[in-house]
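Peer 1: Let me begin by handing over the structure; questions about it come next.
The values are calculated or read from the model by the stated rules, or taken from the named source; none is laboratory data. Every value quoted in this text rests on a predicted model; they were computed, and no experiment measured them. All Cβ positions, even for glycine, are placed from backbone atoms using ideal geometry, and neighbour counts span all protein chains on display. For the accessible areas, the whole protein counts, side chains as well, though only heavy atoms, and no ligand, DNA or RNA atoms are used. Shrake-Rupley method; radii C 1.70, N 1.55, O 1.52, S 1.80 Å.
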Amino acid sequence: LHEFRIDMPADGEGMGIPRKKMPQIKTKDYPEYFKYLKDNDVDFQKLDGVKAATLKPTQSEFSKQGVEKQLQKMWDKNDGDKPLIASSDDYIIDGHHRWLVAKNTRRPLTIFKADVPMKELMALTLKFPKVYFKDIYNEGYKIQLERDPNMYVLHITDTKSGKRTEVRGKSGYESGSY
């Protein structure tokens, strides 16, 4: 897995919506979601063997960690077959990291394709009562500065391992006015 090269979408590819604004639908809620859309005059067709290259991303942010997580799921449980949801104009609304796995491994996808364009599908999906949102997987370090009258404490956390380091110092220490 660590040696696998992951090609991410180029900047400007797709619709450019930030991950945290992208609606997510849990697998267990798919039947209710499809019924909700059907009640709003949207039909779906289930398609097998779809090439990932024929689909376009809606979101603008992608995480290597998210793709690795999906790859691991696929290899550990042979669980890479949750269908994606796409619009009639081939934009993905749910399943971007699964799409990237398929694109990088050249595996065919199963998708539910709506009979409406993304703009309409997005508007309806955002009103679905069980929709939820996730932010992008954070990779790197989280830094927080705690200011006390007598001491500054810089908390540094590696977001991948969770390991934490503290750096302490007093105001003016390096400038000589300490």
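Peer 1: How much length is gained on full extension from SER88 to ARG107, taking 0.36 nm per residue of separation minus their Cα-Cα distance?
Peer 2: So the chain would gain 4.7 nm between SER88 and ARG107.
Peer 1: Taking the highest mean first, how do the peptides 30-39, 149-158 order by number of other beta carbon atoms within 10 angstrom per residue?
Peer 2: On the way: 30-39: 14.7, 149-158: 11.7.
For the peptides 30-39, 149-158, the packing ranking is 30-39, 149-158.
Peer 1: Starting from 0.36 nm per residue, how many nanometres of slack lie between GLN24 and ARG164 once their C-alpha separation is accounted for? Display every interim value, and only then the final one.
Peer 2: Details: separation 140, 0.36 × 140 = 50.40 nm, distance 3.07 nm.
Contour length minus the Cα-Cα distance gives 47.3 nm.
Peer 1: Could I ask something else about it? As a test question: what accessible area, to the nearest 10 Å², does LYS82 have when a 1.4 Å probe is rolled over all protein chains in place?
Peer 2: For LYS82, solvent-accessible area is about 50 Å².
Peer 1: May I pose another question? Of the listed pairs LYS130/LYS163; LYS26/LYS73; LYS35/LYS103; LYS82/LYS103; LYS28/LYS64; LYS21/LYS130, which have alpha-carbon separations greater than 24 Å here?
Peer 2: Numbers: LYS130/LYS163 34 Å; LYS26/LYS73 16 Å; LYS35/LYS103 29 Å; LYS82/LYS103 15 Å; LYS28/LYS64 26 Å; LYS21/LYS130 15 Å.
Those over the limit are LYS130/LYS163; LYS35/LYS103; LYS28/LYS64.
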